[in-house]
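Working notes, beginning with the structure itself.
The values are calculated or read from the model by the stated rules, or taken from the named source; none is laboratory data. Predicted model, so just to flag it, every value in this text is computed and none were measured. Neighbour counts are summed over all protein chains in view; Cβ atoms, including those assigned to glycine, are modelled from backbone coordinates with ideal geometry. Quick note on the areas: whole protein, heavy atoms, side chains included, nothing else; ligands and nucleic acids left out. Shrake-Rupley method; radii C 1.70, N 1.55, O 1.52, S 1.80 Å.
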Amino acid sequence: MSDYIVLVKQVPDVSQITDNAFDPETGTLVRARLASVINELDAQALAFANMMKKMSGDDKARIIALTMGPPMAEEVLRYSLARSADQVVLLTDRALGGADTWATANPLAHAIRKITKELLKCGDDYFVVSGMQSVDGDTAQVPAQIAEELGLPCIAYVTGAEYRKKRFEFTRIISGGSQTVATKKLPAVITVAKYEHTLFATFSRTRWANKADLVKWGADDIKATHIGAKGSKTAVIRVFPPGKSARKCQHLSDVKSLAKVIMDSVKSGNGQADQNGDAQADSYVLPDKRKDKFQRIFEATQKEQDDYQLLIEKIKELGIKSVVQIDDSVKEKILETTGNSIHKKTLDDMIEGFKATKPAFKGEVWVVAEHSGGVVHPATFELTGKARDLADSLETKVGVCIAGDNVGHMAEELIAAGADTVYAIEHKVLKQFDPTAYRKAVADAIDKYVPQIVLYAATPQGRMLAPMVSYRVHSGLTADCTGLDIRDSSRKGDIGLLLQTRPALGGNVMATIRTKNSKSQMATARPGVMKRLPPDPSRKGKVVKHQVELSEDDVSLEIIQTELGSGEVNFGADVIVSGGKGMQSRDNYDSLLGTLCEGLSNKLGTQVERGASRAAVEQGFIERVHQVGQTGTAIGPKLYIALGISGAIQHMIGVANTETIVAINSDPNAPIFKQCDYYIVGTVEDTVPQLVQALKAE
Ligand SMILES: Cc1cc2nc3c(=O)[nH]c(=O)nc-3n(C[C@H](O)[C@H](O)[C@H](O)COP(=O)(O)OP(=O)(O)OC[C@H]3O[C@@H](n4cnc5c(N)ncnc54)[C@H](O)[C@@H]3O)c2cc1C
């Protein structure tokens, strides 16, 4: 007889971006100029909680919606009341503003404690239900960090539920497939990845919702320990427009032209992989190794960069060779000759900064490995390559932390991929990935060895584990990075920081973030963006066995069933043709896609492999092993043809390294058209047979 606390958030409506929403000077999206709506996945979470209540047959179960935000966020609470919430709580206070995920999860968890004690009086019998992530942050970190603060199990990426033997069994997305799980104890946190049965508001309920009293709490009411910008463990350094896609995004009006570009792209390989990813920046060297002792390699706002350049010019003009020469009279001179355009405090900070030469963080650069069936996930190798690059710049070592029941045999491959030390945590309780047990094991190793950087793959597993571990070890975390670089801070002498660059607001802006008030700097990075180093079997490294005390009590979930793809697929083929939900049926997939693959293979004399979107796999058009994307396989062929695929981020992540992307879609506004090289607007039923003929004629 559980109650439900649903987390809802008001977000900018990124689906309706008007021209004036962009700042003409900076080119970035101005959030305040967008309309505000309920985060779509939170609306789905509300409907999901309502469905759970109905399934359990408990009419008395209550649903409380909770939001943290400015006073206007009450709109999403009234939305919730009008649909299914019985009561709502608005957590609002200026002191809570400017928070990162750490300082958002902390007050929300404290508010949940207060709700369960004072409003629901439900003891341990409740579920916290939220959307998987919000469209503005896209981090998926807050629910997992709330679970960590409250010491609860967390089931992420849920897509369905069944009520059996008086308990819920949840279906969730995992890397390479899906899984049915139940939580061993309550309360529990659930994040909803997809539940498309929208709730509609009735007229009478809307009238009631508009007048109903809201419970309003401020920061003092909940006694949270970390709030606002001060309690945050990350800070945004810079926001900038996303680089123009390297894709050509060229509309073709006839299949003949399409057949020609297809032939050309495979023959000449004239395409280009997406360059929005981790472009190789100039290598970072520590200040002691720099010829110019005043040189600082940093990333900052334009004003900070301008101040720094001006100061460097003045230092040169005054013939200063060492920072010790800069006394108060020199500072006065600098301020005078720059017409006081540099603020005195900024000048003091920058000069202090020149005195620092040692990195702000100490320790190794770590990767937390992901593996399944005794095989290391490709993203772990990519991250190990990146870690090698970062560690070489910082003159430190690369550690890979791998947990499981029998993982030692994977060490050799990790060392060949760039690791100096493999920290192996072996325990029978770690046989299957359980977030609670794994986060205890990994956090224990991090507490002991205190690496300065910890990287995780932004897979469902990494995006679940990283927030829990980061919260447990009191460190900041940036989600879903596409760029990781070492830089100095232009002020105050923070040397050798990990700058974490990621897309935000649905990819409409890029943000560079740094860690603060933390032992380690942590980030999850998108699979397929970082480059794996060619394996070097001659590399030497060591294996350190890390012992952790674990028992069955540390396992929070019962895994009922796992469905993973099996079978042989050659995703190393030069050409891959994928079908999406737009193929409409398995018959269409087989006949249309099959004929195109055959036609291409005959014409080009190369193997052409079949791929699919997750939605196509879920529709049963083809086996799961063919799925391309974040939870499928990341591929990098010469040519990728997407038939009836919309271009969701989770799909496109998997094709970022493709040379040429071609799309056929009946919707003239399909998002994939902005992420491909050539496209045709048309149905697959009409276009594919014509294309097959046109290829024959080529
Ligand atoms: C944690 C998580 C992980 C995920 N991992 C993956 C992943 O690895 N891979 C993946 O693909 N997705 C993944 N997804 C799902 C992803 O968000 C999208 O839901 C999915 O990619 C959509 O697949 P689709 O484009 O085939 O379907 P839809 O989004 O439904 O698009 C169908 C497209 O077909 C077009 N269409 C319809 N009829 C026709 C026609 N007759 N001719 C031509 N075009 C037509 C439509 O215009 C539309 O653009 C993941 C989601 C989550 C939450």
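So if I restrict to the alpha-carbon atoms in segment 555-609, what is the Rg, and what is Dmax, the biggest pairwise distance, in Å?
In Å, with Rg to one decimal and Dmax whole: 16.3, 54.
Putting +1 on Lys and Arg Cβ atoms and -1 on Asp and Glu Cβ atoms, find which of Ala697, Leu214, Gln630 reaches farthest to the positive end of the dipole of the chain.
The residue sitting farthest along the positive end of the dipole is Leu214.
Largest first and in whole Å, give the semi-axes of segment 1-104's equivalent ellipsoid, each being the square root of 5 times a Cα gyration tensor eigenvalue.
31, 15, 11
Can you pull the accessible area of Arg610 for me, 1.4 Å probe, Å² to the nearest 10?
Near enough 70 Å² of accessible area.
Roughly what % antiparallel, to the nearest 5, for the DSSP beta bridges in segment 366-423?
25
Ignoring everything except DSSP H segments at least 4 long, calculate the 222 nm mean residue ellipticity for the chain; use -39,500 (n - 2.57) per segment, divide by total residues, nearest 500.
Value at 222 nm, helices only, nearest 500: -8500 deg cm²/dmol.
Which value in Å does the Kirkwood hydrodynamic radius of segment 45-163 take, with 1/r averaged over all unlike C-alpha pairs and then inverted?
Final number for the Kirkwood radius of segment 45-163 is 15.1 Å.
Restricting the count to DSSP beta bridges whose residues both fall in segment 436-563, what percent are antiparallel, rounded to a multiple of 5?
Approximately 55 percent, going by the DSSP bridge assignments.
Could you let me know the centre-to-centre spacing of segment 158-223 and segment 309-363, using Cα atoms, in angstrom?
Here the answer is 54 Å between Cα centres.
In whole percent, what relative contact order does the chain give with Cα contacts below 8 Å and a gap of six or more residues?
In percent, rounded to a whole number, it is 15.
Cα-based Rg (one decimal) and Dmax (whole number) for segment 436-586, in Å?
Just the Cα atoms of segment 436-586 yield Rg and Dmax of 19.6, 61 Å.
Any idea what the relative contact order of segment 512-615 is, in percent, if you count C-alpha pairs under 8 Å spaced at least 6 apart?
Across segment 512-615, relative contact order equals 25 percent.
When DSSP assigns beta bridges and you keep just the ones with both residues in the chain, what percent turn out antiparallel, to the nearest 5?
Numbers: 40 of 115 bridges.
Around 35 percent antiparallel, to the nearest 5.
Assigning unit charges at the beta carbon (Lys, Arg +1; Asp, Glu -1) and nothing else, what dipole magnitude in debye, to the nearest 20, does the chain show about its Cα centre?
My answer is approximately 880 debye.
Taking every pair of alpha-carbon atoms in segment 529-579, give the share separated by more than 12 Å as a whole percent.
Beyond 12 Å sits 85 percent of the P(r) for segment 529-579.
Give the long-range amide H neighbours of Ile190: residues separated by 5 or more places, or on another chain, with amide H under 5 Å away, using H modelled in the peptide plane at 1.01 Å from N.
Under 5 Å from the amide H of Ile190: Val128, Val129, Ser130, Ile155.
Taking all protein chains together and a probe of 1.4 Å, list Glu382, Glu352 from the most accessible to the least accessible. Each step should come with its number before you reach the end.
Details: Glu382 30, Glu352 100 Å².
Most to least solvent-accessible, the answer reads Glu352, Glu382.
Cα atoms only: what Rg and Dmax, in Å, come out for segment 328-377?
For segment 328-377, the Cα radius of gyration and maximum Cα-Cα distance read 22.6, 67 Å.
For segment 602-671, what relative contact order do you get, as a whole percent, if you take Cα pairs closer than 8 Å and at least 6 residues apart?
27
Once the cut-off is 51 Å, how many percent of the Cα-Cα pairs in the chain end up in the long-distance tail?
Distances greater than 51 Å cover 14 percent of the Cα pairs.
I need the shape label for segment 208-256. Rule: rounded when a/c is under 1.5, else prolate if a/b > b/c, else oblate, with a, b, c from the alpha carbon gyration tensor.
In terms of gyration-tensor shape, oblate.
Enter the Cα centre distance for the pair segment 397-461 and segment 510-564, rounded to the nearest angstrom.
6
Pop out the ³J(HN,Hα) list for segment 329-340 in order, Karplus 6.51 cos²θ - 1.76 cosθ + 1.60 with θ = phi - 60°, rounded to Hz; leave Gly and Pro as x.
Each residue of segment 329-340 in turn: 5, 5, 4, 4, 4, 4, 5, 5, 6, 9, x, 6 Hz.
Cα-based Rg of segment 291-378 per 2.2 N^0.38 Å, rounded to two decimals?
1.64
Please enumerate, by chain and number, the lysines with C-alpha under 28 Å from the C-alpha of Lys184, excluding those fewer than 8 residues away in the same chain.
Hits, sequence-local ones excluded: Lys53, Lys54, Lys60, Lys114, Lys117, Lys121, Lys165, Lys166, Lys194, Lys428, Lys431, Lys440.
Through the Karplus equation 6.51 cos²θ - 1.76 cosθ + 1.60, θ set to phi - 60°, convert the phi angles of segment 122-135 into ³J(HN,Hα) values in whole Hz; use x for Gly and Pro.
9, x, 9, 9, 7, 10, 9, 10, 9, x, 4, 7, 9, 6
List the lysines whose Cα lies under 28 Å from the Cα of Lys333, skipping any in the same chain that are fewer than 8 positions away.
Lys291, Lys293, Lys303, Lys314, Lys316, Lys321, Lys344, Lys345, Lys355, Lys492
At q = 0.10, 0.11, 0.21, 0.22 Å⁻¹, what is the log10 ratio I(q)/I(0) for segment 365-478, with the Debye formula run over Cα points and no solvent?
Taking Cα atoms of segment 365-478 as identical point scatterers yields -0.24, -0.29, -1.18, -1.31.
Mind jotting down the three principal axis lengths of segment 565-698 based on Cα atoms? Whole angstrom, largest first.
In descending order, the Cα extents are 38, 33, 29 Å.
Can you spot the aspartates and glutamates whose alpha carbon is less than 17 Å from Lys256's alpha carbon? Ignore those fewer than 8 places along the same chain.
Cα-Cα hits under 17 Å: Asp264, Asp677, Glu685, Asp686, Glu698.
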